[in-house]
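Visitor: If you scroll down you'll find the structure; I have some questions about it.
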Amino acid sequence: MYLIKRFWVQVIKLNTWFIFLSSLVLILGSTMIMGVIEPETFSNPFDAFWWVMTTVTTVGYGDFYPSSIGGRIYAIFLYIIGIGLIGVVIGKVVDGFGMIRRRKEEGLLGYKDEGHIVIIGWSQKARFAIEEILQSESINEVVIIDQLPKTPYLHEKVHYIQGDATQEEVLLQANLPGAKSLLLFADDTIKDPLLTDGKTLLIVTTIERLSPEIHSTVEILNESHIQNFRHVKVDEFILSNETISRLAVRTALTNGISKIYSQLMSRGIGDNLYEIDKKPHWQTYKQAFEDLIDVGATLIADGDKMDINRRMDEIIPRHARLFVICDKKTYERIQTLE
């Protein structure tokens, strides 16, 4: 018994590929051997293969079984060696899946797909951002980059990369060149706003070198630091402290206005803000406005210009970015308009 135990301990320590190859040789070899020992029982190779597989996996249907002494002796060999070896193989497969899952949770697996959003810096703000992104039908997956030991957000559409975002190899692990856009949140663990924005600038510089065309939204703490970003391309700056303060003032001055902001900023509350494509028959903003009113949507802006109501007779540019306020069903109807 001790020798058998020692034997299996050594088998488990063997190279995984060697164990898989040995198992394959054992199964195929046993298939041929049983066909030779008992040709009357196993009239074709598949029957022998079927019996070998049901034996080594301990299923044992009993539809085929050896009746000769030689066949039974070889069956005993399979019971002792084959079942143990296949058990080791199954264990290796299960361990492999477990290892992949652990490595994914620890952020050690690279991301290969494209069209995702990269979020750098974990915080409660990042959590809210992910929940909002996952409600959008246009985004497939989210990739988080941070230095936490394990993923902070378990979800099938959220992938985690562990590492320092100032390092190129970490950004490449997140497939930054293939990403649709980037959200960079300020590091909440740094108390000095100057140092926080300095780290943000260092990350943005690395991003600019790897993927200059990516649409980037960056949170900074001090508005005066924006000028320090002038040599790199940043599409949007978010001043989180300033935004919260302004919203608080507006709420204090106008009762209920925070609910309007919440609707516009969240997919999960009331009517939302959607971007739509220009339809071929829309020549002027008035034509687009009237068509959209008929289906229950309100055209409010072209890009960052919110003066549509004063430019009704103007021609809509070819590459206009039209924004409307409506509910999800209305937005889906607009998408079907010709």
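Visitor: Only residues that are among the basic types (Lys, Arg) and over 13 Å from LYS279 (Cα atoms): list them for the stretch 297-332, please.
Guide: Kept after step one, since they are among the basic types (Lys, Arg), are these residues of the stretch 297-332: 305, 310-311, 318, 321, 328-329.
Of everything in the stretch 297-332, those that are among the basic types (Lys, Arg) and over 13 Å from LYS279 (Cα atoms) turn out to be LYS305, ARG310, ARG311, LYS328, LYS329.
Visitor: Still on this structure: Looking only at the stretch 66-123, which residues are of a type in the set (Val, Ile, Thr) and under 28 Å from GLU40 (Cα atoms)? Even if it seems obvious, please write down each step before you answer.
Guide: Step one: list which residues in the stretch 66-123 are of a type in the set (Val, Ile, Thr), which gives 69, 73, 76, 80-81, 83, 86, 88-90, 93-94, 100, 117-120.
Residues satisfying the conditions are ILE69, ILE73, ILE76, ILE80, ILE81, ILE83, ILE86.
Visitor: Let me ask another. Are any residues in the stretch 77-110 among the aromatic types (Phe, Trp, Tyr) and surrounded by 12 or more Cβ atoms within 10 Å (Cβ to Cβ), and if so, which ones?
Guide: At the first step, the residues of the stretch 77-110 found to be among the aromatic types (Phe, Trp, Tyr) are 77, 79, 97.
Passing the criteria: PHE77, TYR79.
Visitor: Looking only at residues that are part of a loop (DSSP other than H, G, I, E, B) and charged (D, E, K, R) in the stretch 107-130, which one is farthest from LYS328 (Cα to Cα)? Can you show your working first?
Guide: Our first condition is that a residue be part of a loop (DSSP other than H, G, I, E, B); within the stretch 107-130, this holds for 107-116, 121-123.
If we keep only those that are charged (D, E, K, R) as well, we get 112-114.
Numbers: LYS112: 31, ASP113: 27, GLU114: 26 Å.
Going through the qualifying residues, I end up with LYS112.
Visitor: Considering each residue of the stretch 284-338, count those that are surrounded by 12 or more Cβ atoms within 10 Å (Cβ to Cβ) and either aromatic (Phe, Trp, Tyr) or under 22 Å from SER136 (Cβ atoms) (or both), and give that number.
Guide: 27
Visitor: A further question follows. From the residues in the stretch 43-64 that are loosely packed, with under 13 Cβ neighbours inside 10 Å, of a type outside the set (S, T, N, Q) and farther than 13 Å from ILE33 by Cα, which one is nearest to the chain's Cα centre (by Cα)? If you could, list the steps in order and put the result at the bottom.
Guide: Taking the stretch 43-64 and keeping what is loosely packed, with under 13 Cβ neighbours inside 10 Å, we get 43-44, 46, 58-63.
After this cut, where a residue has to be of a type outside the set (S, T, N, Q) as well, the list is 46, 59-63.
Okay, now just the ones that are also farther than 13 Å from ILE33 by Cα, so 59-63.
Values: VAL59: 38, GLY60: 42, TYR61: 43, GLY62: 46, ASP63: 47 Å.
Across the stretch 43-64, the extreme among qualifying residues is VAL59.
Visitor: Please pick out the residue among ARG310, ARG321 that is among the basic types (Lys, Arg) and closer than 14 Å to TRP282 by Cα.
Guide: ARG321
Visitor: Using the structure shown, decide if ARG72 is loosely packed, with under 15 Cβ neighbours inside 10 Å, more than 30 Å from TYR274 (Cα to Cα), free of Cβ contacts under 8 Å to residues at least 24 places away in the same chain and in contact with a Leu (Cβ under 6 Å, 6 or more places away or on another chain).
Guide: Details: loosely packed, with under 15 Cβ neighbours inside 10 Å: yes; more than 30 Å from TYR274 (Cα to Cα): yes; free of Cβ contacts under 8 Å to residues at least 24 places away in the same chain: yes; in contact with a Leu (Cβ under 6 Å, 6 or more places away or on another chain): no.
Against the criterion (loosely packed, with under 15 Cβ neighbours inside 10 Å, more than 30 Å from TYR274 (Cα to Cα), free of Cβ contacts under 8 Å to residues at least 24 places away in the same chain and in contact with a Leu (Cβ under 6 Å, 6 or more places away or on another chain)), ARG72 does not qualify.
Visitor: Another question about this same structure. Any chance the stretch 131-142 includes a residue that's loosely packed, with under 12 Cβ neighbours inside 10 Å, assigned to a helix (DSSP H, G or I) and either touching a residue at least 60 places away in the same chain (Cβ under 8 Å) or not assigned by TED's automatic domain parsing to the domain that holds ILE19 (or both)? Before the answer, list the steps.
Guide: Here is the first cut: in the stretch 131-142, the residues loosely packed, with under 12 Cβ neighbours inside 10 Å are 136-138.
With the extra rule that they be assigned to a helix (DSSP H, G or I), the set shrinks to none.
No; the residues of the stretch 131-142 include none that is loosely packed, with under 12 Cβ neighbours inside 10 Å, assigned to a helix (DSSP H, G or I) and either touching a residue at least 60 places away in the same chain (Cβ under 8 Å) or not assigned by TED's automatic domain parsing to the domain that holds ILE19 (or both).
The values are calculated or read from the model by the stated rules, or taken from the named source; none is laboratory data. On a predicted model such as this, the values are computed, not experimentally measured, just so you know. Note that we place each Cβ from the backbone using ideal geometry, even for glycine, and neighbour counts take in every protein chain shown.
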